[in-house]
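Asks: Mind having a look at this structure? Questions to follow.
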Amino acid sequence: MTQVDTLASNATLAPSREAPPASRSRWFSAYFGTPGNALITILCLGTVFALAKLAIGWLFVDATFVGTPAECKATSGACWPFLSAKMRYIFFGFYPFEEQWRPLTAMLLFLGACLVSMMPKVWGRGLLIAWVAVVLPVLYVLMAGGYFGLTVVPTTQWGGLPLSFMLSFIGLACALPLGIALALARASSLPAIRVLGVGFIEIVRGVPLISILFMATVMLPLFMPNGITIDKLVRAQVAIILFAAAYIAEIVRGGLQAVPNGQVEAGHSLGLHYWQIMRKIVLPQALKKVIPPLVSLFIGFFQDTTLVTIVGLLDFLDTVRTAMRDPQWQGIAVLEGYVFAAVVYFIFSALMGAYSRFLEQYFRTTHD
């Protein structure tokens, strides 16, 4: 190849630096390509700017960061001293004030255990044993007391963020294997098992969560023998598990249908029985396909734990509402509590969404 051919080849391969990128021209034409698009873009930018100016003014510029209710009432901005005065109640509810280090420790331990469990390298039977034999018993002892000199605290005094975590994350963790079993039952070739699976899923999905909570809290004690009662928190937890399992079952069933039948036939040709095929071939592929809808369901149930207020339990959002009814702050702190609750829910929901994307990328790069 001559020197002229080499230069021509390099000129062909090198991208042109004078021409603007195609993406930039598409972006400009989409927002300013026509007079109508330009007008809509300008109006939207003006609206966003005006709303941002109002929000920044209320949140920071005109806000009161230190002071009394009277000082907050004299200003037009946010009253952040309300949060500092009610923070412990918002997080822990009616839990005894001098014992609130226990739910704080339990919450930190729970979040730390969840963080470790999110790493695929530690997945296995040992992680499950650690949760069942160590983490959950320690969490219960810290919250309930009665051991190692800890004061007994009944579940009626549990509330705030620890209660929301327990009802949502522990409930969904227990609902996931039950939902997978229900999905397999609905897809089973045995008529009796299939009818039971379909009946449970359709009945539970056909009624709202509120009605199931009412049944678990009001109707179930009527069918219990005299002198036998089940803790209200346990009843609400079981109701959430059963309700979530029905929805998880339908999501997993969609993943099972997305796995080609040839995968099952290949398992049979290798001499594997039904459970080996499901555990080693079908379920790993099905669960990998339904990660986004499963995480969306988990986020929804994490936010729907506020419904337990109808059965006398105070979760995180309910403690925020109760704190705002304090006569000392009533009429002064109107939005601050809801803004703080929205930030907390957004943080945990965004983290779950980010973890969902991480899992999709992990399975795509390691198993595809």
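The values are calculated or read from the model by the stated rules, or taken from the named source; none is laboratory data. As the structure is a prediction and not an experimental result, all values here were calculated from the model. Here Cβ is always computed from backbone atoms with ideal geometry, including for glycine, and neighbour counts include all displayed protein chains. When the accessible area is computed, the model is the full protein with side chains, heavy atoms only, and any ligands, DNA or RNA have been set aside. Shrake-Rupley method; radii C 1.70, N 1.55, O 1.52, S 1.80 Å.
Asks: Starting from the 7 Å offset along Cα-to-Cβ, what nm value, one decimal, do you get for the label separation of LEU43 and ARG88?
Replies: Roughly 5.3 nm, to one decimal.
Asks: Average projected area of the Cα convex hull of segment 216-353, in nm²?
Replies: 12.8
Asks: Tell me, in nm to one decimal, what length is gained between MET352 and GLN285 on full extension, where the rule is 0.36 nm per residue of separation less the Cα-Cα distance?
Replies: 22.0 nm
Asks: I've got another one for you. Could you work out how much longer the chain between ILE310 and TRP123 gets when fully extended? Use 0.36 nm per residue separation minus the Cα distance between them, nm to one decimal.
Replies: Full-extension gain reported as 63.6 nm.
Asks: Let me ask something else. Can you give me the Kirkwood hydrodynamic radius for segment 24-160, using every pair of distinct Cα atoms, in Å to one decimal?
Replies: Evaluated over segment 24-160, this radius sits at 20.3 Å.
Asks: Calculate the length of the line joining the C-alpha centroid of segment 240-254 to that of segment 196-211, in whole Å.
Replies: Here the two parts' Cα centres lie 10 Å apart.
Asks: How do the peptides 163-175, 32-44 rank, highest first, by the average count of neighbouring beta carbon atoms within 10 Å per residue?
Replies: Peptide ranking by packing, descending: 163-175, 32-44.
Asks: Let me check I have the definition right: for segment 33-80, take the eigenvalues of the Cα gyration tensor, multiply each by 5, take square roots. What are those semi-axes in whole Å, largest first?
Replies: 37, 7, 5
Asks: Determine the distance separating the Cα centre of segment 277-307 from the Cα centre of segment 317-365; give it in Å without decimals.
Replies: 22
Asks: In cubic angstrom, how much convex hull volume per residue do the alpha carbon atoms of segment 166-233 span?
Replies: In segment 166-233, the Cα hull volume divided by residue count equals 113 Å³.
Asks: Separate question: In segment 68-121, what percent of the accessible surface is made up of carbon and sulfur (1.4 Å probe, ligands and nucleic acids excluded)?
Replies: With neighbouring chains kept in place, the figure for segment 68-121 is 73 percent.
Asks: Mean shadow of segment 127-250, computed from the convex hull of its alpha carbons, in nm²?
Replies: 9.9
Asks: Relative to the present Cα-Cα distance, how much length would full extension add between VAL152 and LYS53 at 0.36 nm per residue of separation?
Replies: Extra length available between VAL152 and LYS53 comes to 30.7 nm.
Asks: Please report, for the Cα atoms of segment 220-275, the Rg to one decimal and the Dmax as a whole number; what are they, in angstrom?
Replies: Radius of gyration, then largest Cα-Cα span, for segment 220-275: 20.0, 57 Å.
Asks: What order do you get for 339-348, 306-315, 91-100 when each peptide is scored by the mean count of other beta carbon atoms within 10 Å, highest first?
Replies: 306-315, 91-100, 339-348
Asks: If pairing requires two Cys Cβ atoms under 4.7 Å apart, which cysteines of the chain are left without a partner?
Replies: Cysteines lacking a close Cβ partner in the chain: CYS44, CYS114, CYS174.
Asks: Please identify the DSSP H helices in the chain that span no less than 27 Å along the helix axis (Cα) and have a mean Kyte-Doolittle hydropathy of 1.0 or more.
Replies: Passing helices, by number: 35-56, 232-258.
Asks: Would you compute, for the Cα atoms of segment 296-348, the largest minus smallest coordinate along each principal axis and list the three values in descending order, in whole Å?
Replies: Extents along the principal axes, in whole Å: 38, 26, 10.
Asks: Show which lysines lie in cross-link reach of LYS280 when reach means a straight Cα distance below 20 angstrom and same-chain residues fewer than eight apart are skipped.
Replies: The qualifying lysines are LYS121, LYS288, LYS289.
Asks: Taking the C-alpha atoms of segment 51-116, how large are the radius of gyration and the largest Cα-Cα span, Dmax, in Å?
Replies: Taking only Cα atoms of segment 51-116, I get Rg and Dmax of 16.7, 47 Å.
Asks: Give the Cα extents of the chain along the principal axes, in whole Å, largest first.
Replies: Principal extents (Cα only, largest first): 96, 75, 42 Å.
Asks: When the helix-only estimate is applied to the chain (DSSP H runs of n ≥ 4, each -39,500 (n - 2.57), divided by the residue count), what is the mean residue ellipticity at 222 nm, nearest 500 deg cm²/dmol?
Replies: After summing the helix terms and dividing by the residues of the chain, the value is -20500 deg cm²/dmol.
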